[in-house]
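Peer 1: Just dropping this structure here.
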Amino acid sequence: MSADYLRKKIGIGQEEEKWEKMFCAFKEQKEKNGNSDYFPSGWYVENEQLATWLEKQRAKYRNGTLGNDYIRHFEDIRFEWAQSRE
């Protein structure tokens, strides 16, 4: 079975798959940072794509456009929505 077939069969699209990859990368960075949502200023430059993705997730949350499943992922790792870059 192809990956495309499986995605369609179980309802996982490419966007969801990309989101999961970014979330896993963020979770890994959070764990490396002592489970803090504050990252050193250099982190944002070194991880620009991930930092941009994270800021977009915060914006979607504030606007009420982030899906409940995605919100649960963040809440499971005790993500602080109100925090922003220092």
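Peer 1: Which trypsin sites (Lys or Arg not before Pro) from region 15-83 combine a DSSP loop assignment with at most 14 other Cβ atoms within 10 Å?
Peer 2: Here the trypsin sites (Lys or Arg not before Pro) that fit, given the DSSP loop and packing criteria, are Arg78.
Peer 1: Using θ = phi - 60° and the Karplus curve 6.51 cos²θ - 1.76 cosθ + 1.60, what whole-Hz ³J(HN,Hα) does each residue of region 63-69 get, with Gly and Pro shown as x?
Peer 2: 3J(HN,Hα) across region 63-69, in whole Hz: 7, x, 10, 8, x, 4, 4.
Peer 1: Would you calculate the convex hull of the Cα atoms in region 3-76 and tell me its volume per residue in Å³?
Peer 2: 107
Peer 1: OK, next. Would you calculate the separation in nanometres between label points at Asp69 and Ala82, each defined as 7 Å from the Cα along the Cα-to-beta-carbon direction?
Peer 2: 3.0
Values quoted throughout were computed directly from the atomic coordinates according to the rules given, and no laboratory measurement underlies them. Here the structure is a predicted model, which is why all the values come from computation and not from measurement. Quick reminder, even Gly has a Cβ in these numbers, built from the backbone with ideal geometry, and neighbours come from all protein chains shown.
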